[in-house]
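Enquirer: Before we start, here is the structure in question, set down as C-alpha cells.
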Amino acid sequence: MIGMVAPMTGELADFGKQVERGIRLAIDEINAKGGVKGKKLELKICDDQCNTQQAAACAQKMVNDPEIFAVIGHICSSCTLTGGPIYEAAKLTVLTVNSSNPKITEQGWKHMFRSTPTDTQQGAAMVDFVTHRLGLKKIAVVYSNDEYGIGLAESAKSQIETVGAILVAEETFTTGQDKDFSAQLRKITLSHPEALFVLGQYAEAGMIANQRMKAGLDKVVIVAPAAAQHQVFIDLAGEGAEGTFVAVFYDLAKNTPLNTELVKKIVTKYNEKPGEQVPWGYDGVYILAQAISAGAKKDTLPEFMHKIDYNGVTGHILFDSKGQVIGLEGDINIIKNGQFETYQP
C-alpha cells in the first residue's frame, strides 16, 4: 500500500488532483503487468488541504496504518516540514515529489527523499534568466509569507545581489487569505521595476498577474515559479497571463518520447492536458517500485532509495546522502495564447 498526502480540497486542490493522476496511471500500468514481485500496488490518500494541522493529522494516520509501505507527499513545503518529524520517528519513508523548500532535506531525516529540485535552485535560475537572457536589472519581488514563498524569495534576493542586479521593491501576501493586492502593487509600481517576480501558489499568482494590469505594471516582465504552471493560473490571470515567464521544474511541452507518451495517456484518460505534478507523481511510483524490485522492505527502504538509478519522464533520478535528487535542472515556459510553451528566444 502506497500512501499519498496532498491537498485534495481547497484552493490548491489541483495540485493533489494532478499528483493523484500521475500516481494512479503508474499504479495501473504496473499492476497490469503483474504488480511488483507478484503483488499489486494500492493507494491510500489523505487530504492535508495544504494546512499544517491537517498535515500532522494525515502523517499520524499514515504511520498508524501498518499496511502503508511508503508515502508520496506532501505537496506544500510547510506540510512536509510538519509531517517530517512524525514520519522520521516512526521510520516510515517519505518521497516528496513537489515540496521544494531546501530545509526539507537539511533536517538530517533518514527517511525523507525528494525527487524535485529546490527553491534555492529555482530562485537563482529565475534571476539568471531575467538578467542574463533578458538583460533586465531592476527587479521587484512579491512573495507569499510561507515556507514556499520565503524560500524562493531568499534565493532570488541572494542571487540578485550576486549578479549585481537591483532589488527595487519587496512585498508579501498571505496564501489562502489575500485576494486584493492593490496595496502591494501600488508600492511596486512606484519603484519602476523592469521585472516582477510573483512568488507564490497558482491562485494568488494568477490574481496578482491579473491585477497588475490596472496598477501600471502592464508592460513589466512577469516571472512566476513552478507553482504557477497550472491552467488555473492562466484562468485567473486573464490577459495578464500573456507573455508571463514561468520557471518550471519540468517542461510538459518537451518533445521527448517519454513525455509525449505520458501527455497522450493523460489526455486520453481525462480529456485535458496534465499539470506539472503529473510526471512527478508518475515517476514517484516507479521509483518506489524499482526499490521494491531490488529487494527493499519497509524497514530497509531508505538503504535502497540511496541506490536508485532511474530514468523517467522527469529525468535521470539519483539521490545524494541527504535524500535530495541530484543533477536535475529546470526549464523556462512562456504563456502564449493561453498555453504554456517552451521558451525559445
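Enquirer: Under 28 Å between alpha carbons: how many lysine pairs meet that in the stretch 15-108, if sequence neighbours fewer than 8 apart on the same chain are excluded?
Expert: Taking the Cα cut-off of 28 Å, the pair count is 20.
Enquirer: Report the FRET efficiency, 1/(1 + (r/R0)^6), for Lys110 and Ala13, where r is their Cβ-Cβ distance and R0 is 25 Å, rounded to 0.05. Walk me through the intermediate numbers first.
Expert: Details: r = 31 Å, r/R0 = 1.26.
Calculated value: 0.20.
Enquirer: Do me a favour and compute the ellipsoid semi-axes for the stretch 120-248 from its Cα gyration tensor, root of five times each eigenvalue, largest one first, whole Å. If you can, show how the numbers build up before the last one.
Expert: Numbers: eigenvalues 76, 48, 39 Å².
Each semi-axis is the square root of five times an eigenvalue, giving 19, 16, 14 Å.
Enquirer: Next question. Thr256 to Asn64: extension gain in nm, 0.36 nm per residue of separation minus the Cα-Cα distance?
Expert: On the way: separation 192, 0.36 × 192 = 69.12 nm, distance 4.08 nm.
Taking Thr256 through Asn64 to full extension adds about 65.0 nm, to one decimal.
Enquirer: Calculate the translational D of the chain in whole µm² s⁻¹ from Stokes-Einstein, where the hydrodynamic radius comes from the Kirkwood formula applied to all Cα pairs, the temperature is 4 °C and the viscosity 1.567 mPa s.
Expert: On the way: Rh = 20.2 Å.
The diffusion coefficient I find is 64 µm²/s.
Enquirer: Across the stretch 142-149, in residue order, what do the Karplus-derived ³J(HN,Hα) couplings come to in whole Hz, using 6.51 cos²θ - 1.76 cosθ + 1.60 with θ = phi - 60° and x for Gly and Pro?
Expert: 10, 9, 6, 8, 10, 4, 5, x
Enquirer: Quick check on the chain: of the DSSP beta bridges with both residues there, what percent are antiparallel, nearest 5%? If you can, show how the numbers build up before the last one.
Expert: Values: 13 of 45 bridges.
Roughly 30 percent of the DSSP beta bridges within the chain come out antiparallel.
Enquirer: Multiply the residue gap between Leu318 and Glu341 by 0.36 nm, knock off their C-alpha separation, and tell me the result in nm, one decimal place. Show your work: numbers first, answer last.
Expert: On the way: separation 23, 0.36 × 23 = 8.28 nm, distance 2.76 nm.
Gain on extension, Leu318 to Glu341, equals 5.5 nm.
Enquirer: Follow-up. How would you rank Arg212, Arg186, going from fewest to most other Cβ atoms within 10 Å of each one's own Cβ? Let's see the in-between values first.
Expert: On the way: Arg212 24, Arg186 13.
Starting with the residue having the fewest Cβ neighbours, the order is Arg186, Arg212.
Enquirer: What FRET efficiency do you get for Asp309 and Thr174 if R0 is 41 Å and r is their Cβ-Cβ distance, rounded to the nearest 0.05?
Expert: Details: r = 42 Å, r/R0 = 1.02.
Efficiency, from the Cβ-Cβ distance: 0.50.
Enquirer: Here is a further query. Between 0 and 90 degrees, rounded to the nearest ten: what's the tilt of helix 277-293 against the longest Cα principal axis of the chain?
Expert: 30
Enquirer: Quick one: how many lysine pairs in the stretch 214-345 have C-alpha atoms under 15 angstrom apart, if they're 8 or more apart or on different chains? Could you put the intermediate results ahead of the total?
Expert: On the way: Lys254/Lys264; Lys254/Lys273; Lys264/Lys273; Lys265/Lys273; Lys297/Lys307; Lys307/Lys322.
Qualifying lysine pairs in the stretch 214-345: 6.
Enquirer: Under a plain spin-label model, where a point goes 7 Å from the Cα along Cα-to-Cβ, how far apart in nm are Ala183 and Glu242?
Expert: Between Ala183 and Glu242, the simple spin-label model gives 3.2 nm.
Enquirer: Can I ask one more? Measure off 7 Å from each Cα along the Cα-to-Cβ vector at Lys269 and Leu43, then give the distance between these two points in nanometres to one decimal.
Expert: 0.7
Enquirer: Something else now. Once you have the Cα-Cα distance between Lys298 and Lys214, take 0.36 nm times their residue separation minus that, and quote the gain in nm to one decimal.
Expert: Numbers: separation 84, 0.36 × 84 = 30.24 nm, distance 5.46 nm.
That pair, Lys298 and Lys214, stretches by 24.8 nm at full extension.
Values quoted throughout were computed directly from the atomic coordinates according to the rules given, and no laboratory measurement underlies them. Quantities reported herein were computed from a predicted structural model and do not represent experimental measurements. Neighbour counts run over all protein chains shown; Cβ positions are idealised from the backbone, glycine included.
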